[in-house]
Amino acid sequence: MGVALAILSSLLIAAGNVFLKKSFKDFTPAVSFFFFSIFCLLIWVPFGLNFGFSFEKMWLGILAGVISAIFGQLSYIYVISKGELSVTGTILSSYSIYTIVFSYFFNNERLSFILVSFIALSIIGTLIVCLPEKVDKSDLRRYSNIVIAVGGALCIAASDTF
C-alpha cells in the first residue's frame, strides 16, 4: 500500500508542477507564491490545531514557518519559473538527497558508507540526466538554470533540515 501511495503522491506532485508552470502564463511567480501560501495556510493550520498546537512555542513556530517558506517554497517557485520544467523539476526532486546530507551535519544523523555512495550516485545521476549530450560554450548561459535548480534544491533541503 505504501508503494502505491508513493507513486500516487509522485504523480500528484508532477501534475502540480505542470499546473504551477502553466500558471506563469497568467500570473507572475510572486502572485503564484501568494496563492500557494494561502492554500498551504488553509490546509496546515487545521492540522496544527488538531495535532497538538501549543501557544507556548507559537513564536518559534512562526519563525520556523517563515524561514521554511522563504527557503523552501519561495525558492521552489522561483526555480520552476526559470527553466524548462523537465530539467528544473528533476533537479528539484533531488532535494531529499541534500536533506540527508544536511541532517548528517546539523542533526548528527549517522550515514553508512553504502548510503553515502548511493547519495553521491543520485546527485551525479540527476545532473547527468539534465545535461545535454554536448555542451557548447555559447550555450552555457542556457544551462545556468541547472545551477539555479541545484541551488533551489539546496534551499529546500536546508528548509527541511531546519
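From the list G48, G52, which residue is modelled with pLDDT under 80 and either touching a helix residue (DSSP H, G or I) at 6+ places or on another chain (Cβ under 9 Å) or open to solvent by 90 Å² or more (accessible area, probe 1.4 Å) (or both)? Spell out the reasoning first.
Working: G52 fails: either touching a helix residue (DSSP H, G or I) at 6+ places or on another chain (Cβ under 9 Å) or open to solvent by 90 Å² or more (accessible area, probe 1.4 Å) (or both).
From the options G48, G52, the qualifying one is G48.
Take the residues in region 134-162 that are open to solvent by 20 Å² or more (accessible area, probe 1.4 Å), within 28 Å of V66 (Cα to Cα) and of a type in the set (A, V, I, L, M, F, W, C), then tell me which one is modelled with the lowest pLDDT. Walk me through it before giving the result.
The initial filter retains those residues of region 134-162 that are open to solvent by 20 Å² or more (accessible area, probe 1.4 Å), namely 134-145, 147-148, 150-151, 154-155, 158, 160-162.
Now drop any that are not within 28 Å of V66 (Cα to Cα), which leaves 144-145, 147-148, 150-151, 154-155, 158, 160-162.
Next, only the ones that are of a type in the set (A, V, I, L, M, F, W, C) stay: 147-148, 150, 154-155, 158, 162.
Working: V147: 75, I148: 79, V150: 79, L154: 79, C155: 79, A158: 79, F162: 71.
Residue satisfying both the conditions and the ranking: F162.
Right, K57: open to solvent by less than 100 Å² (accessible area, probe 1.4 Å) and assigned to a helix (DSSP H, G or I) or not? If you could, list the steps in order and put the result at the bottom.
Working: open to solvent by less than 100 Å² (accessible area, probe 1.4 Å): no; assigned to a helix (DSSP H, G or I): yes.
Taking the combined requirement at face value, the residue does not satisfy it.
The values are calculated or read from the model by the stated rules, or taken from the named source; none is laboratory data. Quick caveat, the model's predicted, so the values are computed rather than measured. FYI the Cβ positions are ideal-geometry reconstructions off the backbone, even for glycines, and counts take in every protein chain you see. When the accessible area is computed, the model is the full protein with side chains, heavy atoms only, and any ligands, DNA or RNA have been set aside. Shrake-Rupley method; radii C 1.70, N 1.55, O 1.52, S 1.80 Å.
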